[in-house]
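Undergrad: One structure coming up, written as structure tokens, with questions to follow.
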Amino acid sequence: MRRAVPIVTVLLLIAAVWYLGAWRMNAPWALAQAERAGQEMTASELFTATMNQDRPRLPAPHQVAEELWKTTGEMALRGRALNKRSLIYHAGITLGATLSGFALGVTLGILGAVAITYSRVVEMSLMPWAIVSQTIPIVALAPMIIVLSNATGIEGRGVPKAIISAYLCYFPVLVGMVKGLNSPSSSQLDLLKTYNASNTASFFKLRLPASMPYLFTSLKIAIAAALVGTIVGELPTGAVSGLGARILIGDQFGTPLAIWAALFAAAILAGALVTLIGGVQGVVLKRMGMGR
Amino acid sequence: MTVVAGALAFWLAAWGLNVLLARSRWRRARVVRIAVPVIFGLAVLVLWQGLVRGLGVNPVILPAPTDIAATFATSTDTLWQDFVQTALKGALSGYLIGCGAAFVTALAIDRSAFLTAGLLPIGNFVAALPIIGVAPILVSWFGFDWQSKAAVVVAMVFFPVLVNVVQGLREADAMQKDLMRTYAASSWQTLFKLRLPAAMPFVFNGLKIATTLALIGAIVAEYFGSPVRGMGFRISTGVGRLAIDLVWAEIAVAALVGTVFYGIVAMIEKLVTFWHPSQRVG
Amino acid sequence: ADEVTLQLKWVTQAQFAGYYVAADKGFYEEEGLDVTIKPGGPDIAPEQVIAGGGADVIVTWMAAGLAARERGVPLVNIAQPFKKGAMQLTCLKENGIESPADFPGHTLGVWFFGNEYPFYAWMAKLGVPTDGGESGVEVLKQAFNVDALLQKQADCISVMTYNEYGQVLDAGITEDQLVTFNYLEEGVGMMEDGLYVLEENLADEAFKDKMVRFVRASMKGWKYAEENPEEAAQIVVDNDETGAQTLEHQTYMMSEVAKLTADTNGALDPADYEQTVATLLSAVSPENPAITKEPEGMAWTHEITDAALQ
Amino acid sequence: MGAEGAEKAKEIGMKETVIRAEDLDLTFQTKDGPVHALKGVSLEIGKGEFVSFIGPSGCGKTTFLRCVAALEQPTGGRLSVNGMTPEEARKSRAYGYVFQAAGLYPWRTIAGNIKLPLEIMGFSRAEQDERVRKVLQLVDLEGFGGKYPWQLSGGMQQRASIARALAFDAEILLMDEPFGALDEIVRDHLNEQLLALWARTGKTIGFVTHSIPEAVYLSTKIVVMSPRPGRISDVIESPLPAERPLEIRDSPEFIEVAQRVREGLRAGHSYDD
Amino acid sequence: MGAEGAEKAKEIGMKETVIRAEDLDLTFQTKDGPVHALKGVSLEIGKGEFVSFIGPSGCGKTTFLRCVAALEQPTGGRLSVNGMTPEEARKSRAYGYVFQAAGLYPWRTIAGNIKLPLEIMGFSRAEQDERVRKVLQLVDLEGFGGKYPWQLSGGMQQRASIARALAFDAEILLMDEPFGALDEIVRDHLNEQLLALWARTGKTIGFVTHSIPEAVYLSTKIVVMSPRPGRISDVIESPLPAERPLEIRDSPEFIEVAQRVREGLRAGHSYDD
Ligand SMILES: Nc1ncnc2c1ncn2[C@@H]1O[C@H](COP(=O)(O)OP(=O)(O)OP(=O)(O)O)[C@@H](O)[C@H]1O
Ligand SMILES: Nc1ncnc2c1ncn2[C@@H]1O[C@H](COP(=O)(O)OP(=O)(O)OP(=O)(O)O)[C@@H](O)[C@H]1O
Ligand SMILES: Cc1ncc(C[n+]2csc(CCO)c2C)c(N)n1
Ligand SMILES: [Mg+2]
Ligand SMILES: [Mg+2]
């Protein structure tokens, strides 16, 4: 509870600044409209006019909340949670691609880390390129990934999205796991040598468990990156469903409220995913006796 | 088919060479440390070339590296102009503003335990969000030119850097802080002589993450409107004109610029945090 | 049933009502076809998709189709459901633009991704440089929306009669506050949505037959849509997976699209083709490299429409 | 006490009191309930004394030293340093504090580390260099001023951290297990040097250690503490002469004092924590 | 040596040789040039002996132990363990090795840690449990098998790590400063227990320490080493009886041996590293 007070204070502060911003940014349009209509506006009229526009430059928080509620809770209450007009449905699509991308990326990251840990050639050849790979703007690759997967007979947009999201999230896992797998001290490794332990035994009994805290730390980064990847994959590729598609369509049809609602849905999704992994981390590390 | 086989053979040979190099006596030498990844990269390019040519892949779908290189050579003017627009004006200015603002904010909230307690969890949360989604909004706020790109970059780098700096400022251990107290040092003295230097490894961690975000942010923002130049402009319109080789040339520039940018920051890090165990190998 | 994949040039909207209606009303089924309609998007180049084997037939604009042909993707126009051009440049009068003579010194929003060719052709015809300055115009890569006009970042923007123009009006700007230039009417128009296939496929009789049935059913869809705009709009909304399209807007769009398809049975008028080629060739420049010479070989054919629409 | 008290102290052969603790209590509030780190600790330390604190882990040695240095706030009792509160004494820069780990800043050279307190206290450049030179000599580290801490062995680092505490001439030197991490030989050597330094400068020294021989060898007074709650279980005035060669450790007096300390310790120790 | 040699050894009252080093050299190639960690080291350790290695930091104590355990490859000389190469001995699991820090795996309980070598060596479940029970008793840790390392004190952790080394009944126990991190009282206690254990099991023990009293108290043989290059400067056979109460440390024989060790050390020590 004590910890919540400063957080809530800062949140309130942010909301206040936001309202102020909404008023400032939406005023010109309200004034211009009044002028076109040849009307005068009082200050209070102007303020209300900035809080309820259809196409605000910056929607007021309550507008976003309202839109978010309309497209989620309200629809869910009417049993239409999975309707395509519902953000829950679109969040589900994004979540699906995120999770498959995450699974792919984490697998690649871990396998890569194992290869790097056990083979010097792989380490020397691959490690620099892993860094370079993160400087390539994947957005640019998105259309090609779609066409290429089309050309290789993979249908649907889920796969390319998942590839992009895997591309973004393998890196933190790779780096974290390389660190984690190398975290055992040389005396811990030597101990196993005195037992004449095999590579497999030293992997499963020492390196892997020792890397768990590192793994979970990077998983939290990775799941966030995977979500970014999915949304980035949805943005320019003309995805037809998913939160990124909602942002895109909102942009094309000039409905900023839809963009903001999708953004917040994405934020909530990100928060939920990170929290979830944090929870799993707590449980697993505790059960491993490392959860202090 | 022979082309494909040849490329595969080259790839295997290169890998074999790398295996030899990595096991050799000189594996710790700088040249080898550089040569091995370069050989690997070359092998990948040769494989790519072989597959594209050997399988007769339409250049509209995937051009061969040599085609890309040729386009690169003939369009240096365009590429340079785009680099200036996106990398220098958009990404770099946004990076500097964003990192600077994050740094100043971190110092400001550091003075108040209350604000730190309030902002850090929120910052951590925001740092994990798909900020890239605000690109269309910021483009409509800040116009089509580089300012909106810089704004997107600022939004993307701000929180990762903020979180790292705040975290870093807490890094000085209790004993080191106690030492300063026994000297009756002022809080500014403690900041400049202890906490800032101790924070540097974290600060650079944030700055390095920010480098990779910056260029990508600037490029994506150009998807939502731009003048008729810029890397993102070229990439986003190139596909429609079927100028795929130019798109790849831009991608190559982006990777190159991003790597150099990262390299520069990593080099500065080496200079500043020379004392940190992670920098002291050997 | 024979499978056909159709790649659209843009997202699901009434612009493609004919195809959705044909699918929804079972016209394709009647022809023994199983048609998959793939929506497009801002980064999808249908020409690239078809070259990669991701589609059998695509909807694209003639300029883009000819450009692809010159770059080694030999596309052939097999039908042209859109007779008229819908792309326009629309300007706010209050920014001081009444006629093309007023352009210099102003900022114009243009769609790229292969949609910029008519604009550059027009500017070349007007003799207005496009690199800014006093006597030239400043060009923006406009996003696929109308923000640039509403927020005064551009003095004129590109719109489609059936979509963005309506959005401008919806935003509260009245028609008399606007000046609009239609490219086709300015003499630099180009044929918009047509159906294109790969030339090599046309050597295959079975494929040709499939396309005949496809075009026949599609045109039936278009004519049905023209006559029943409301129902067509509803079908489009039902098929929109984003769930963001509104019936109101799609009804508006359908009524405008109907005006474009009204005067044709779907067969390409060779004169229209000639005009498009002429326009493209009138303004070859580095910014505007659509085509550099007369298209070689068979850029269009009446074979399919002749068989489909006897 | 005042002038009169000091007079009286001199009369009866006592030294002037520098640190005086009366019935000191310190309770930490933790999640698992209160921890009584110090309970009813009373102690006087005279000027120029060398006082060692010894006792099992957790008995409050560090806590006591930290209270003296005003790094911790007692929850009961009185504590005065030179007649001031510890806080005031800290502000007047009365303490040199040496921690268990050398705690040198890795981004500063050895000379830079020693300069740190001097910079903070506003000594002039010239003065700083002069003092660095002097203390480096004092701890036998001439020529190492330009090296970074990690380039030195543990013993050398520890000497550098002592030099840092000596550089600004604080009256009171508080040392919390300064040699805990070093091997016995290096430790012996530093013990000898520390004694010499103490003899030369006449500083008042509070010294925490786990080693019985070290405590006996160095101190004029040995404070044996016991835990839970942390309290003083014995205070032993050393009968050893001021002049102490290393061999003194094999003398019967030494062994006797050591034996007494060991018994005091044994009493307060529990093996299973 | 063979059967004949063993015969002869028995005759003249010598124990069977377990570890034999002859003129052992080990040079590390580093960036700053070669480091002679061991130079001409010759030593014999008989079955059931308790041999301590003492010497200043960097003299090669750890390196010698690591050579014996085949964790390091000598660059010269001969080294045999039970007549085999160290490598073969390692493969036959002849060693229990105890490191300075307890080095227990935090994700395993105490019992789990002790089971680790047993799992790797493929003991059956039942056998594992049985052995864990036995060694936990041996080191006085019954009832703590289910706890995690961090729930135990440092001394208990160290006992657990010894239990781990004992669990698979290696003939040779190599201990590298096992009690370096503990305070003196706990250390005394563990020393007593270690002696008792050694007496009970008759294992051959190689023990590295920095503490002179510890070395003298525990060993039948004390090897004093000196650095640069690392070599043996003295080998002292202890005259102390097998039965050693803690008080033996105040006996004249003890003090004499300690004095001899100290002198050996002093000679080989350089203060500036
Ligand atoms: N900041 C703190 N918060 C809560 N408890 C504390 C704190 N500092 C010390 N303690 C507790 O106070 C008691 C005394 O601690 P202190 O560090 O003074 O012991 P010590 O004698 O120095 O032990 P050691 O020899 O291990 O250094 C211990 O039980 C410790 O756990
Ligand atoms: N892997 C290595 N590479 C290079 N030099 C090494 C290596 N291991 C040890 N050395 C060097 O060999 C010498 C002997 O080291 P060793 O660890 O055996 O000393 P030690 O007697 O155990 O010291 P300590 O008491 O500090 O543990 C030292 O100078 C050390 O720096
Ligand atoms: C890939 C692509 N992007 C934009 C257009 C131009 N355009 C034609 S219809 C339409 C939708 C809005 O009405 C737009 C933007 C295009 N033809 N192809
Ligand atoms: Mg302490
Ligand atoms: Mg060692």
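The values are calculated or read from the model by the stated rules, or taken from the named source; none is laboratory data. Here the structure is a predicted model, which means the values were calculated and not measured. As a convention, Cβ positions derive from the backbone with ideal geometry for all residues, glycine included, and neighbour counts pool all protein chains shown.
Undergrad: Only one of these conditions is not met by B:PHE144: (1) closer than 30 Å to D:PRO86 by Cα; (2) part of a loop (DSSP other than H, G, I, E, B); (3) hydrophobic (A, V, I, L, M, F, W, C); (4) out of contact with any Lys or Arg (no Cβ under 7 Å at 6 or more places or on another chain). Which number is it?
TA: (1)
Undergrad: In this structure, does A:LEU104 turn out to be surrounded by 19 or more Cβ atoms within 10 Å (Cβ to Cβ) and in a helix (DSSP H, G or I)?
TA: For A:LEU104, the condition - surrounded by 19 or more Cβ atoms within 10 Å (Cβ to Cβ) and in a helix (DSSP H, G or I) - is met.
Undergrad: Check off (1) farther than 20 Å from C:ALA244 by Cβ; (2) more than 22 Å from the chain's Cα centre (by Cα); (3) of a type outside the set (A, V, I, L, M) for A:ASN83 and give me the number that stays unchecked.
TA: Only one criterion is unmet by A:ASN83, namely (1).
Undergrad: Right, another one. When the residues of the range C:61-90 are filtered to those that are of a type in the set (A, V, I, L, M, F, W, C), part of a helix (DSSP H, G or I) and away from chain A (no Cβ under 14 Å), which remaining residue is surrounded by the fewest Cβ atoms within 10 Å (Cβ to Cβ)?
TA: Out of the qualifying residues, it is C:ALA63.
Undergrad: Here's a follow-up. Give the range D:168-194 a look and list any residue that's touching a residue at least 60 places away in the same chain (Cβ under 8 Å) and surrounded by 19 or more Cβ atoms within 10 Å (Cβ to Cβ), or say none.
TA: Correct list: D:PHE168, D:ALA170, D:GLU171, D:ILE172, D:LEU173, D:LEU174, D:MET175, D:ASP176, D:GLU177, D:PRO178.
Undergrad: Another question, then. For the range D:52-72, check the following and say yes or no: at least one residue is surrounded by fewer than 18 Cβ atoms within 10 Å (Cβ to Cβ), closer than 28 Å to D:LEU240 by Cα and more than 16 Å from ligand 4 (Cβ to nearest atom).
TA: no
Undergrad: Could you tell me which residue of the range C:1-42 is surrounded by the fewest Cβ atoms within 10 Å (Cβ to Cβ), considering only residues that are among the β-branched types (Val, Ile, Thr) and within 14 Å of chain A (Cβ to nearest Cβ)?
TA: The qualifying residue surrounded by the fewest Cβ atoms within 10 Å (Cβ to Cβ) is C:THR36.
Undergrad: Output the residue which, of all residues in the range D:182-218 that are more than 16 Å from ligand 4 (Cβ to nearest atom) and of a type in the set (Phe, Trp, Tyr), is nearest to D:PRO241 (Cα to Cα).
TA: Per the stated criteria, the residue is D:TYR217.
Undergrad: Go through (1) buried (at least 23 other Cβ atoms within 10 Å of the Cβ); (2) modelled with pLDDT of 85 or more; (3) out of contact with any Lys or Arg (no Cβ under 7 Å at 6 or more places or on another chain) and name the single condition D:TYR217 misses.
TA: Of everything listed in (1) buried (at least 23 other Cβ atoms within 10 Å of the Cβ); (2) modelled with pLDDT of 85 or more; (3) out of contact with any Lys or Arg (no Cβ under 7 Å at 6 or more places or on another chain), D:TYR217 misses just condition (3).
Undergrad: For the range E:73-116, how many residues meet the condition of being buried (at least 20 other Cβ atoms within 10 Å of the Cβ), under 18 Å from the mean Cα position of the chain (by Cα) and on the phi < 0 side of the Ramachandran plot?
TA: Residues flagged as buried (at least 20 other Cβ atoms within 10 Å of the Cβ), under 18 Å from the mean Cα position of the chain (by Cα) and on the phi < 0 side of the Ramachandran plot within the range E:73-116 amount to 13.
Undergrad: Another question, then. Is at least one residue of the range B:205-216 part of a helix (DSSP H, G or I), more than 14 Å from chain A (Cβ to nearest Cβ) and at pLDDT 90 or above?
TA: Yes; the residues of the range B:205-216 include at least one that is part of a helix (DSSP H, G or I), more than 14 Å from chain A (Cβ to nearest Cβ) and at pLDDT 90 or above.
So that you can scan it fast, the table gives a plain yes or no per residue for (1) charged (D, E, K, R); (2) not in a helix (DSSP H, G or I):
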| residue | (1), (2) |
| --- | --- |
| C:PHE16 | no, no |
| C:VAL21 | no, no |
| C:TYR28 | no, no |
| C:ASP34 | yes, yes |
| C:ILE37 | no, yes |
| C:GLY41 | no, yes |
| C:GLN48 | no, no |
| C:GLY53 | no, yes |
| C:VAL59 | no, yes |
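Undergrad: Looking at (1) part of a loop (DSSP other than H, G, I, E, B); (2) within 30 Å of D:GLY83 (Cα to Cα); (3) within 16 Å of ligand 4 (Cβ to nearest atom), which one does D:PHE179 not meet, given that it meets all the others?
TA: D:PHE179 satisfies every listed condition except (2).
Undergrad: Applying the selection to the range B:52-77, what residues are more than 12 Å from every other protein chain (Cβ to nearest Cβ), surrounded by 15 or more Cβ atoms within 10 Å (Cβ to Cβ) and either over 24 Å from C:ALA51 (Cβ atoms) or of a type in the set (A, V, I, L, M, F, W, C) (or both)?
TA: B:ALA64, B:ILE68, B:ALA69, B:PHE72 - these are the residues of the range B:52-77 that are more than 12 Å from every other protein chain (Cβ to nearest Cβ), surrounded by 15 or more Cβ atoms within 10 Å (Cβ to Cβ) and either over 24 Å from C:ALA51 (Cβ atoms) or of a type in the set (A, V, I, L, M, F, W, C) (or both).
Undergrad: Now for a separate question. Is the range E:166-179 home to any residue that is in the same structural domain as E:THR62 (by TED's automatic domain parsing) and within 16 Å of ligand 1 (Cβ to nearest atom)?
TA: yes
Every residue, every condition in (1) more than 13 Å from chain B (Cβ to nearest Cβ); (2) among the hydroxyl-bearing types (Ser, Thr, Tyr); (3) over 30 Å from C:ALA51 (Cβ atoms); (4) buried (at least 21 other Cβ atoms within 10 Å of the Cβ), yes or no:
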position: A:GLY158; (1), (2), (3), (4): yes, no, no, no
position: A:TYR170; (1), (2), (3), (4): yes, yes, no, yes
position: A:GLY180; (1), (2), (3), (4): yes, no, yes, yes
position: A:SER185; (1), (2), (3), (4): yes, yes, yes, no
position: A:LEU191; (1), (2), (3), (4): yes, no, yes, yes
position: A:LEU215; (1), (2), (3), (4): yes, no, yes, yes
position: A:LEU219; (1), (2), (3), (4): no, no, yes, yes
position: A:THR230; (1), (2), (3), (4): no, yes, no, yes
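Undergrad: Scan the range E:254-271 and tell me whether some residue there is within 13 Å of another protein chain (Cβ to nearest Cβ), among the acidic types (Asp, Glu) and either loosely packed, with under 14 Cβ neighbours inside 10 Å or farther than 22 Å from E:ILE45 by Cβ (or both).
TA: yes
Undergrad: Let me ask you something else. Restricting the search to the range C:91-114, which residues are crowded, with 21+ Cβ neighbours inside 10 Å and within 16 Å of ligand 3 (Cβ to nearest atom)?
TA: Within the range C:91-114, C:LEU108, C:GLY109, C:VAL110, C:TRP111, C:PHE112, C:GLY114 qualify.
Undergrad: Testing E:TRP198 on (1) in a helix (DSSP H, G or I); (2) free of Cβ contacts under 8 Å to residues at least 40 places away in the same chain; (3) closer than 20 Å to E:VAL18 by Cβ, one condition comes back false. Which one is that?
TA: The one condition E:TRP198 does not meet is (2).
Undergrad: Still on this structure: Tell me, yes or no, whether the range A:26-39 has at least one residue that is more than 9 Å from every other protein chain (Cβ to nearest Cβ) and aromatic (Phe, Trp, Tyr).
TA: Looking through the range A:26-39, none of the residues is more than 9 Å from every other protein chain (Cβ to nearest Cβ) and aromatic (Phe, Trp, Tyr).
Undergrad: For the subset of the range D:219-264 comprising residues that are assigned to a strand (DSSP E or B) and not β-branched (Val, Ile, Thr), which member is nearest to D:GLY77 (Cα to Cα)?
TA: D:ARG231
Undergrad: Can you run down the residue pairs with Cβ atoms below 6 Å, 6 or more apart or on separate chains, where the first is in the range A:183-194 and more than 16 Å from A:LEU208 (Cα to Cα) and the partner is not in a loop (DSSP other than H, G, I, E, B)?
TA: Filtered contacts from the range A:183-194: A:THR194/E:TYR95; A:THR194/E:TYR97.
Undergrad: Scan the range D:74-101 for residues that are more than 10 Å from chain B (Cβ to nearest Cβ) and either within 16 Å of ligand 2 (Cβ to nearest atom) or not in a helix (DSSP H, G or I) (or both) and jot them down.
TA: Matches in the range D:74-101: D:PRO74, D:THR75, D:GLY76, D:GLY77, D:ARG78, D:LEU79, D:SER80, D:VAL81, D:ASN82, D:GLY83, D:MET84, D:THR85.
Undergrad: Within the range E:17-32, is there a residue that is away from ligand 1 (no atom under 16 Å from the Cβ), within 14 Å of another protein chain (Cβ to nearest Cβ), modelled with pLDDT of 80 or more and surrounded by 14 or more Cβ atoms within 10 Å (Cβ to Cβ)?
TA: No, the conditions are met nowhere in the range E:17-32.
Undergrad: Give the residues of the range E:141-170 that are under 20 Å from the mean Cα position of the chain (by Cα) and among the charged types (D, E, K, R), sorted by residue number.
TA: Passing the criteria: E:ARG159, E:ARG164, E:ASP169.
Undergrad: For the range D:198-223, give me each residue that is within 13 Å of another protein chain (Cβ to nearest Cβ) and under 17 Å from D:ARG20 (Cα atoms).
TA: Matches in the range D:198-223: D:GLY206 only.
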